[in-house]
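First the structure, in the form of structure tokens, and then the observations on it.
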Amino acid sequence: FHYDLSAVPQGVPLVSARAWFFVNSKDESGLPVNVHRMTDSWNEFGVTWGNSAADLDPTVMATFTPTVEDVGVVVDLTSLVQGWIDAIWPNDGLMFRSTSADNESKYASRETQRQGDKPCLELIPQCDP
């Protein structure tokens with residue numbers, strides 16, 4: 001997943017950054033999914049697991065467990081998004097990695113036909129005193 005943050009001024013402090021992802025099919029293992037920061041630029045028409053699986057920071061930025069299909073999950077990405085806004089690292093997006101070796105979950109993308117299932121990112125900036 002990738003979010004366009006070009007409208008957010010560099011250095012804006014965040015109270016929170018929460019992402020919603022719609023689970024189309026869940027991993028049957030019941031194990032968590034880790035969220036990692038991507039470390040290389042990519043485009044949605046050329047990225048595959050074969051050419052991008054290693055393009056991630058091994059640091060786990062967030063974890064969630066998709067326990068039910070056809071529902072959304074909310075993931076706190078505040079530290080990751082703040083790092084993008086502060087230009088600590090480039091905004092190359094994020095990658096989900098299942099902690100299960102043989103299973104995978106699937107999520108709705110921006111191309112999904114159901115508007116409420118599209119991934120979204122909610123930013124809450126810190127208010128000036």
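The values are calculated or read from the model by the stated rules, or taken from the named source; none is laboratory data. Everything numeric in this text was worked out from a predicted model, so none of it was measured. So basically every Cβ, Gly included, is an ideal-geometry build from the backbone, and we count neighbours across all protein chains shown. The protein model used for the area step is the full one, side chains on, heavy atoms only, and it has no ligands, DNA or RNA in it. Shrake-Rupley method; radii C 1.70, N 1.55, O 1.52, S 1.80 Å.
Shown for the chain: the carbon plus sulfur share of the solvent-accessible area, taken with all protein chains present and a 1.4 angstrom probe, equals 52%. Would you calculate the separation in nanometres between label points at Cys127 and Thr99, each defined as 7 Å from the Cα along the Cα-to-beta-carbon direction? That separation, rounded to one decimal, is 3.7 nm. Solvent exposure of the chain amounts to 59 Å² per residue of accessible area, where only protein heavy atoms count and the probe is 1.4 Å.
Extending 7 Å from the Cα toward the beta-carbon at both Asp40 and Ala7 defines two label points whose distance is 3.2 nm.
Taking all protein chains together, Glu28, Glu122 sort by accessible area into Glu28, Glu122, largest first [probe 1.4 Å]. Given the choices [x] 14.8; [y] 17.4; [z] 15.5, Kirkwood radius over Cα pairs in Å derived from the coordinates of this structure is entry [z]. Please report the spacing between the Cα centers of the stretch 81-97 and the stretch 101-129 in Å, no decimals. Cα centres, the stretch 81-97 to the stretch 101-129: 15 Å. When peptides 107-118, 76-87, 9-20 are ranked by their average number of other Cβ atoms within 10 Å per residue, the highest-first order is 76-87, 9-20, 107-118.
Across the stretch 28-35, rounded Karplus estimates of 3J(HN,Hα) from the backbone phi angles (6.51 cos²θ - 1.76 cosθ + 1.60, θ = phi - 60°) give 6, 6, x, 8, x, 10, 9, 9 Hz, Gly and Pro being marked x.
For Ala87 and Thr65, what is the calculated FRET efficiency with R₀ set at 41 Å and r taken between the beta-carbons, to the nearest 0.05? With a Förster radius of 41 Å, E is 0.80. Residue separation of Gln115 and Thr78 scaled by 0.36 nm, minus their Cα-Cα distance, works out to 10.9 nm of gained length.
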